[in-house]
Each structure stands twice: as C-alpha cells, then as structure tokens.
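Visitor: Before I ask anything, let me first share the structure, which is written out below as structure tokens.
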Amino acid sequence: LESRTFSWPDEAACERFAAALAAEPALRRAGIELDGPLGAGKTTFVRHLLRALGVSGRIKSPTYTVVEPYQVNGLAVSHFDFYRFNDPREWEDAGFRELFAAPGLRLSEWADKARAVLPPPDLRLAIEPQDDDSRRVTALAGSALGQALLAAGAR
Ligand code: ADP
Ligand code: MG
C-alpha cells in the first residue's frame with residue numbers, strides 16, 4: 001500500500017494536516033498509529049486532531065492511564081499511549097480489546113509496545129524531528145481506509 005513523506009516546517013503545518021484528516025469521513029472508523037521519539041509531536045498531533053473534531057475540554061496525555069476516551073459529535077475516540085504497557089493481560093483486563101472492537105477512532109502512541117495484541121493500523125505516521133526543528137513525516141496506509149486518509153492529508 002501507499003506511503004508518502006510530508007514535511008511539517010512548524011506546528012501550524014501539523015495542525016493543518018490534522019484538520020484535513022478530521023474533515024475526512026473515513027476517520028470515524030480509523031485506527032491510526034503515531035510513531036517517533038519522545039518530543040516528536042505525537043501527542044501534539046492528537047491534540048490538534050481532537051480540537052479539529054470539536055473536543056473543547058482539556059486534552060491530557062494518557063502516559064499514566066494508557067487510554068483517554070472522548071465522545072464528540074457522536075464519535076467515540078480512544079487515545080492510547082502504550083509507553084507503560086507491559087502486560088498483555090492488561091489488554092483484556094482493562095477493556096482495551098472492547099475499545100478496539102467498538103466503532104470509532106483509535107489513536108495510538110508507542111504502538112510497538114503493544115504489537116502482540118494490537119490490530120494492524122489503517123494509517124501509521126512516523127514523525128522524525130529534524131535539526132531545524134521541522135518534522136519529517138512518513139505516512140503509510142495499511143488499508144483502503146488509510147489510503148483515503150493519506151489522500152486527504154496530502155491535499
Ligand atoms: P510526543 O507525544 O511525541 O512525545 P509531544 O507532542 O508531547 O511529543 O511534544 C512535541 C513538542 O514539539 C511540543 O512542544 C510541540 O509544540 C513541539 N513541536 C514543534 N514543532 C512541531 C511540529 N512541526 N509538529 C508537532 N509538534 C511540534
Ligand atoms: Mg506523547
């Protein structure tokens with residue numbers, strides 16, 4: 001499937017990309033993974049996406065809770081950060097399997113730490129900070145749905 005590389009010269013470019021995805025109906029049943037080192041901008045992207053979808057309250061990073069759920073305009077969103085995820089039993093016990101099976105949007109940071117249990121994503125964004133503080137973003141579609149999101153983001 002398709003892969004594309006983007007450049008986000010600044011956070012405003014990340015915000016524009018998020019807004020373009022938010023306008024795409026396919027987003028409402030997508031699984032998206034955000035890869036990249038600490039400080040790359042994974043949570044920042046999720047914040048801009050949630051704002052574009054209409055979330056108005058505080059948007060916390062789920063570093064300690066693993067997941068933060070949102071309900072906005074009839075859309076269920078689960079924002080995961082698997083950085084502290086190390087027991088696959090938690091997948092069942094904490095109800096993550098149900099969250100992934102239910103309709104809605106799933107956004108995952110540090111997906112590699114839950115690779116054994118996570119279903120494959122529709123879209124993966126690998127964010128690499130550059131020396132000039134811009135971000136090089138490699139987007140990889142894993143499904144037709146992801147392909148539609150990629151096309152929306154590239155417009
Ligand atoms: P992560 O979740 O990947 O650890 P965060 O989103 O918490 O990273 O932090 C990224 C930081 O980088 C934020 O302070 C954000 O303002 C900053 N930043 C600078 N340029 C960009 C950009 N182009 N895209 C996203 N974030 C950026
Ligand atoms: Mg983060």
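Visitor: How many residues does the stretch 18-51 hold that are at negative phi, outside any strand (DSSP E or B) and near ligand 1 (Cβ under 9 Å from one of its atoms)?
Guide: Adding up the residues that qualify gives 10.
Visitor: I've got another one for you. Residues of the stretch 16-70 being free of Cβ contacts under 8 Å to residues at least 60 places away in the same chain, of a type in the set (S, T, N, Q) and buried (at least 17 other Cβ atoms within 10 Å of the Cβ), which ones?
Guide: Scanning the stretch 16-70 gives a single hit, 44.
Visitor: Okay, next question. For the stretch 137-155, enumerate the residues that are loosely packed, with under 15 Cβ neighbours inside 10 Å and at pLDDT 95 or above.
Guide: Hit for the stretch 137-155 is 144, nothing else.
Visitor: Can you find even one residue in the stretch 89-97 that is in contact with an Asp or Glu (Cβ under 6 Å, 6 or more places away or on another chain) and either modelled with pLDDT under 95 or within 16 Å of ligand 1 (Cβ to nearest atom) (or both)?
Guide: Checked the stretch 89-97: no residue is in contact with an Asp or Glu (Cβ under 6 Å, 6 or more places away or on another chain) and either modelled with pLDDT under 95 or within 16 Å of ligand 1 (Cβ to nearest atom) (or both).
Visitor: Just one of 34, 50, 38 is within 16 Å of ligand 2 (Cβ to nearest atom) and more than 16 Å from residue 149 (Cβ to Cβ); which is it?
Guide: Residue meeting the stated conditions: 38.
Visitor: Given the residues 120, 69, which is the only one that is more than 16 Å from residue 14 (Cα to Cα) and assigned to a loop (DSSP other than H, G, I, E, B)?
Guide: The match here is 120.
Visitor: Looking at 104, 36, 57, which is the one that is over 19 Å from residue 120 (Cβ atoms) and among the small types (Gly, Ala, Ser)?
Guide: On inspection, the qualifying residue turns out to be 57.
Visitor: Right, next: Please determine whether any residue of the stretch 65-78 is touching an Asp or Glu at 6+ places or on another chain (Cβ under 9 Å), more than 10 Å from ligand 2 (Cβ to nearest atom) and among the aromatic types (Phe, Trp, Tyr).
Guide: The answer is no, given that none of the residues of the stretch 65-78 is touching an Asp or Glu at 6+ places or on another chain (Cβ under 9 Å), more than 10 Å from ligand 2 (Cβ to nearest atom) and among the aromatic types (Phe, Trp, Tyr).
Visitor: On the given criteria, is residue 7 touching a residue at least 40 places away in the same chain (Cβ under 8 Å), outside any loop (DSSP other than H, G, I, E, B), surrounded by fewer than 19 Cβ atoms within 10 Å (Cβ to Cβ) and not basic (Lys, Arg)?
Guide: Taking the combined requirement at face value, the residue satisfies it.
Visitor: Here is a further query. Only one of 80, 85 is within 25 Å of residue 10 (Cα to Cα) and among the aromatic types (Phe, Trp, Tyr); which?
Guide: Selected residue: 80, the only one of 80, 85 that is within 25 Å of residue 10 (Cα to Cα) and among the aromatic types (Phe, Trp, Tyr).
Visitor: Further question: Mind listing just one residue for me: the one in the stretch 98-119 that is surrounded by fewer than 16 Cβ atoms within 10 Å (Cβ to Cβ) and in contact (Cβ under 8 Å) with a residue 60 or more places away in the chain and, of those, nearest to ligand 1 (Cβ to nearest atom)?
Guide: 112
Visitor: Test each condition in (1) farther than 24 Å from residue 120 by Cβ; (2) touching a helix residue (DSSP H, G or I) at 6+ places or on another chain (Cβ under 7 Å) for residue 74 and report the one that comes out false.
Guide: With respect to (1) farther than 24 Å from residue 120 by Cβ; (2) touching a helix residue (DSSP H, G or I) at 6+ places or on another chain (Cβ under 7 Å), residue 74 is out only on (2).
Visitor: Follow-up question, since we're still on this one. If I ask for residues that are of a type in the set (Val, Ile, Thr) and touching a helix residue (DSSP H, G or I) at 6+ places or on another chain (Cβ under 8 Å), which ones from the stretch 97-155 would you list?
Guide: 117, 127, 137
The values are calculated or read from the model by the stated rules, or taken from the named source; none is laboratory data. Being a predicted model, the structure only gives us computed values, none of them experimental. Glycine gets a Cβ as well: all are built from the backbone with ideal geometry, and neighbour counts include every protein chain shown.
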